[in-house]
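Every read-out reported here was derived from the displayed coordinates using simple, explicitly stated rules and does not represent laboratory data. These numbers were taken from a predicted model, which means no experiment stands behind them. Counting neighbours? That spans all protein chains shown, and the Cβs are built from the backbone with ideal geometry, glycine included.
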Amino acid sequence: MKTTHILFFLVTYLMTISCNQAQEIIIVDERFHIKVVDLKEEQLKLYWKDSTGVTLKSFDNLKKYTVHHNDSLVYAMNAGMYLKDYSPQGLFIENHAIHKKLDTTITGYGNFYLQPNGVFYLTNDNNAHVTSTSKLKELDNIIYATQSGPMLVIDGDLHPAFNEGSKNVHIRNAVGILPDGRVLLVLSKEKINFYDLATFFKNIGCKNALYLDGFVSRIYDPENKVEQMDSKFGVMIGITK
């Protein structure tokens, strides 16, 4: 890590030593809005349409939908690229149902097809995963899944297409899995290139991380007084308690 990033990049490890308590990781980096999700404490789901088949599109509609189902929305983030009709670009699984099939096309226009792309998914054992599309073989045990691209970190290495100092910068959001299994959700506060975003995830210890989307990316995070309600999306990540 460059010394010029020291003031902006701080990772504090608080270690609690006991027989049954694992290491807690607190992540602070002023370049990003950061949410760490412990699936043992919070419920993470992927949302696209309401129970009548109408696309939710916004955090405001998602809030109303979760309240209607006796849940309280505590955090939301857009969860992948979408087509003009707000349908998911690539795989989308909700409650084990495959609503959009895995897109295995290896050539195409845009970030989604910058190979390898990948999938963020949750399994029956309540564990979260990020993997390259080509490595996803079994769908039967997946509860929720969203496909996007490109991968940022692949088995501990940066995506080979990324270049340090690249001028290709945008607001960007992404997801990775921390070494302790918790989900790391990140939205850049300012425009950032793929190399720097991927390096952040790698330095934190994420073996795999996935880019979700760009300039449309927003979060709903009332606990930290960040409620960006001005965009429309396809699939959304929602965290409820």
So, relative contact order of the range 31-240 in percent, Cα under 8 Å, 6 or more apart, is 32
In a Gaussian network model of the chain with springs linking alpha carbons closer than 10 Å, the residue among 105, 146, 123 that fluctuates most is 105
Restricting to Cα pairs under 8 Å and 6 or more apart, the percent relative contact order of the range 77-197 works out to 22
Most exposed to least, judged by fewest other Cβ atoms within 10 Å, 81, 151 sort to 81, 151
Per DSSP, the loop-located trypsin sites (Lys or Arg not before Pro) within the range 20-103 having at most 10 other beta carbons within 10 Å are 40, 84
Most exposed first, judged by fewest Cβ atoms within 10 angstrom, 125, 196 run 125, 196
Here the equivalent ellipsoid of the range 121-234, derived from its Cα gyration tensor, has semi-axes (largest first, whole Å) of 22, 19, 13
Among 37, 175, 67, the residue with the largest mean-square fluctuation in a Gaussian network model of the chain built from Cα contacts under 10 Å is 67
Loop-resident trypsin sites (Lys or Arg not before Pro) in the range 134-195 with no more than 15 other Cβ atoms inside 10 Å, DSSP not H/G/I/E/B, are 137, 167, 189, 191
Given Cβ charges of +1 for Lys and Arg and -1 for Asp and Glu, the option among 75, 197, 181 whose Cα lies farthest towards the positive end of the dipole of the chain is 197
Given chymotrypsin sites (Phe, Trp or Tyr not before Pro), DSSP loops and at most 12 other Cβ atoms within 10 Å, the longest exposed-site-free stretch of the chain is 110-214
The correct pair for the range 72-172, radius of gyration to one decimal and Dmax as a whole number, both in Å and from Cα atoms, is 14.3, 41
Relative contact order as a percentage, the range 28-134, C-alpha pairs under 8 Å and 6+ apart, gives 14
Treating only Lys and Arg (+1) and Asp and Glu (-1) as charged, each at its beta carbon, one finds that the range 31-240 has a dipole about its Cα centre, in Debye to the nearest 20, of 440
